[in-house]
Structures are given as structure tokens and as C-alpha cells.
1. Quick check on residue B:160: is it under 26 Å from residue B:245 (Cβ atoms), more than 16 Å from ligand 1 (Cβ to nearest atom) and in the same structural domain as residue B:248 (by TED's automatic domain parsing)?
2. For the range B:65-81: of the residues being under 24 Å from residue B:120 (Cβ atoms) and more than 9 Å from chain A (Cβ to nearest Cβ), which is surrounded by the most Cβ atoms within 10 Å (Cβ to Cβ)?
3. Could you tell me whether the range A:65-82 includes any residue that is assigned by TED's automatic domain parsing to the domain that holds residue A:151, modelled with pLDDT of 95 or more, in contact with a helix residue (DSSP H, G or I) (Cβ under 7 Å, 6 or more places away or on another chain) and within 12 Å of residue A:105 (Cα to Cα)?
4. Which numbered condition in (1) crowded, with 17+ Cβ neighbours inside 10 Å; (2) in contact with a helix residue (DSSP H, G or I) (Cβ under 7 Å, 6 or more places away or on another chain); (3) assigned to a loop (DSSP other than H, G, I, E, B) is the only one that residue B:42 fails?
5. I'd like the full set of residues that are farther than 23 Å from residue A:113 by Cβ, in a helix (DSSP H, G or I) and at pLDDT 70 or above, limited to the range A:155-190.
6. Looking only at residues that are over 16 Å from the mean Cα position of the chain (by Cα), at pLDDT 95 or above and more than 9 Å from every other protein chain (Cβ to nearest Cβ) in the range A:129-152, which one is farthest from ligand 2 (Cβ to nearest atom)?
7. Do you know which residues across the range B:8-21 are at pLDDT below 95 and more than 11 Å from chain A (Cβ to nearest Cβ)?
8. Which of the residues belonging to the range A:30-68 are more than 22 Å from the chain's Cα centre (by Cα) and either in contact (Cβ under 8 Å) with a residue 24 or more places away in the chain or within 16 Å of ligand 1 (Cβ to nearest atom) (or both)?
Ligand SMILES: [Zn+2]
Ligand SMILES: [Zn+2]
């Protein structure tokens, strides 16, 4: 089907979004075309603002509109426990379980020799700096349960061990080789509850 | 359901789109091949934790339908997974280094005999990295024997130009040593190298892989060997390996030697 160029341009842009194919993109485009002017404007504003207004939390490196983020500011969250994850999406997945009341640290990825991602490319010094003052008693290493995530967890454990902090790794009801982001909340919740000491 | 018949070692896994993964495999029947695993990112049902580096699998692959297309990974079952490479960052880095060499240099559509030999090499090399001291020496020796397994064995004993000796230096572009007489006619690029270094490297090529870690190589000889092998690898690959920088960082880094 051929459409007017402005519609085709919108369809082409929507198609770049994850999980959106030609059919869905066309459906969305015509939906927008039929929507009220102010609704469309609000969506356009929201899209334009998200890149401008989102920053990294200076403490945990999650994405936030105000640094430190809400979790790092919350007085009722346990400051003695830090859950280390690879990406903001993983933090959201753990937070979604509602079962964790500590704070987070987003590494910004996992060690990956083949992608040239070494220790210096991750926020490891920042994690060491958070642990150093002695207030943190436990660091939960919740990197993904695949080879990179495992190796990263063990590397972090080697780096943090001298500080004397308790080091645990989330247990796997998680499938080996999995992706935290895509695991369901029950699975992650159970994994957190069954975490074990890392040797 | 019967177990898939073909063996494969996972060299690399790349996310593809929202739900798929592309898997680079080393197989004992066809050498290196890439296959798409449909739905592997989203559903754990079809590929429950099987598609990860170092994993030794039994697979069912549907051949690609058109030239330039991708084969389809239909089914995969875990046979072995080298856990020692995941519980130590240095071993992990060395294991990835071996995989990257294979991913860059292993031939596609390899002759079955070569494919089988290379597959065996890959498994033995990873097993070695799991148990041998993970250090700079192991890195150099692994790189050397990997190049050898990939058909790029350097000549370390006799002059590549006249067959004589003794060696006066190593000529990267010609993949071997040259004698004093021939060295005088070499325009440039001659790498000076001590007899002891050449003896050690030559010895490494004669040792069974499982005993490679018994070889003594240290101090200035190790530095020379590192230079020689790295330049040889770069000459054949055309660029530096990604895992090279990582290894530099981790072998000298704060957690080095902690394990
Ligand atoms: Zn924060
Ligand atoms: Zn000669």
C-alpha cells in the first residue's frame, strides 16, 4: 500500500522501534492521524523531552530525571545492601519484584573481551568508592547469569573482597545463559531470596 | 524427541532484533558457521540457557536456503560448558581470546578432516585454560598453538629462504626465521630474537596441548615471544584482536593474580 509521504515518513520512523513491524507501524500511524491534535502534541513532546531530561544518577548510575535518583534519596531504603546490576533495565526488573529494599549500582554492562569491554569501561571504581567507607555490609552481585555476567561477578568479588564486605550472587531459578531483563518477577524474586556467598 | 546429532562449540552470541540471536559456531563437520536462533532472546523454552560462549552443544541446523543467507538453529542441547572459564575473570579472558582467534580465522565449509581437528583443538585449549596457571605465558603459548591449528604455523628452526641456519631473526611477512646470510638481503622488518626464545616456541609446537603449561618461558624470553607471536597474529588477522586489550588490562590489573 502507498501512502502520502508524511505518513510514509512516520511509518518508517515507527518501524525502527523494537518489536514494531510494517503492519504495527502502519496501524499506529493511522491511529495517530485519527487522534486529537493535543494528544499527538503531548506524545511528540514526551518523546522530544525524554533525551533532554533524563540523566544518570550520580550515586547508582540509574537513569533518572533528578540526581540522586528517587531510590538513592529514599530514607527508608537500606543503605547497607547494594544490588549490582548490568543495565538500568535489569534494575527495573529487580525493583519490579518489590522484594528488595536496599540500593543499587548499575555497572553499565559486563566484562566482554570480544566487544573490547574491560574493567575500566565499567563503573567498578565507583562501586569500590561506595563500599570503601564501611557502611555497606553486603553487595549482591546480580549480573546476568551468562558467561559474561558470571565472569564479571567473580571479577567484582576479587576486587571487593579486601574491603571485608559480604559478597553474594543471586541464585538461579534463572535459566543459565539468561537475560535478567526478560525473566519474570517471580523468578528474579526467588533468585534474590536464594542468593549465596560467592567464593 | 531424539537428541540432535551434530556437535558444536559456541564462539560468539550476538543479539539480533528484539527476539533473535545470531550464534557463531565451530563444528566438527563444517568448521565455522553462523546460524540464527529465532526467538532465543525472548523465549527460554526453545533454547533454555544453551546459547552462551564456551558451551559445547548438540545441535540441529537447517541449512541456509539461499547463498549469503543464514542457517537456522532449530534445536540445541547442552553437552558441556567449561564452568572454570566463568568463575575467574583471567581464565574467562583467555578463553574468549581463544574463541576470538577461532571466530576470526577458522574456515567456513572446512574439509571434514580439518574441521574435526580444529574442533578437538578448541575443546582441548579451553580445557587447558580451565586448569593451567592463567598468566602471560599461557596467553603467548595459546596464541602460537592456535595459529598452528589454524594452518598458520611459523617456521622456527630452519631459514625460510634457504633452509639453512642458524636463525638470525624472524621475518613476520614470511612467517619464519632467516639465517645470517639471507638476513643481509632482507630490506626491513627483521625481528631480532634469541635462540632460547625460538627453542621454547618450537618446543611448544611439538608438545601435546594438554602439557603446554609445563613449558618454561619467562623474563626477556617471554617478552620476545610475546612480540613475535603478536606480530605474526596481527599480520594474518590484519588487525588487533578485541580481546588483546582486555587481556593486557586484566593480566596487569588490580585483580591480577588474585585467583
Ligand atoms: Zn541512584
Ligand atoms: Zn637462509
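The values are calculated or read from the model by the stated rules, or taken from the named source; none is laboratory data. This structure is a prediction, so every number in the text was calculated from the model and none was measured. A quick note on method: Cβ atoms are made from the backbone with ideal geometry, for glycine too, and the neighbour counts reach across all protein chains shown.
1. The answer is no for residue B:160.
2. Checked the range B:65-81; the qualifying residue surrounded by the most Cβ atoms within 10 Å (Cβ to Cβ) is B:73.
3. The answer is yes; a qualifying residue exists.
4. Against the list (1) crowded, with 17+ Cβ neighbours inside 10 Å; (2) in contact with a helix residue (DSSP H, G or I) (Cβ under 7 Å, 6 or more places away or on another chain); (3) assigned to a loop (DSSP other than H, G, I, E, B), residue B:42 comes up short only on (1).
5. A:162, A:163
6. Residue satisfying both the conditions and the ranking: A:137.
7. B:16, B:20
8. Result: A:33, single match.
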